[in-house]
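Take a look at the structure set out below.
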Amino acid sequence: MGGLLNFLWAVCVGTVALFAFFLVMGGFAPGDVLWLTAIVAFLGTLFVVHQIRVGHELSDHEDDTMVREVQRIRERRGF
């Protein structure tokens, strides 16, 4: 389940980044596709809230399993 959630968060960030790219390139105006702008703003807000919650979990140190999992992921990537 964790892998699926990580994939969904990556899709969320990718969607926001793709929207921002086309917005900067002049592909559309945010007012022209108001429904899409609202969806992307919602996804961006969800991601920010998620990152804040993860940051609080990591700094809390009550749940060492989360810290060990992050360290394992970093070691696998080579950091």
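No value in this document is a laboratory result; all are computed from the given coordinates. Computed from a prediction, not measured in an experiment: that's the story for all the values here. Note: ideal-geometry Cβ built from the backbone for every residue, glycine included; neighbour counts use all protein chains shown.
Let me know the charge dipole size of the chain about its Cα centre in debye, to the nearest 20, where only the beta-carbon of Lys, Arg (+1) and Asp, Glu (-1) is charged.
Computed about the Cα centre, the dipole is about 300 debye.
Between Val54 and Ala17, what is the FRET efficiency for a Förster distance of 22 Å, r being their Cβ-Cβ separation, to the nearest 0.05?
E(calc), rounded to 0.05, equals 0.70.
Report the extension gain between Ala10 and Glu75 in nm, rounded to one decimal, defined as 0.36 nm multiplied by the number of residues separating them, less their alpha carbon distance.
Stretched fully, the Ala10-Glu75 segment lengthens by 21.4 nm.
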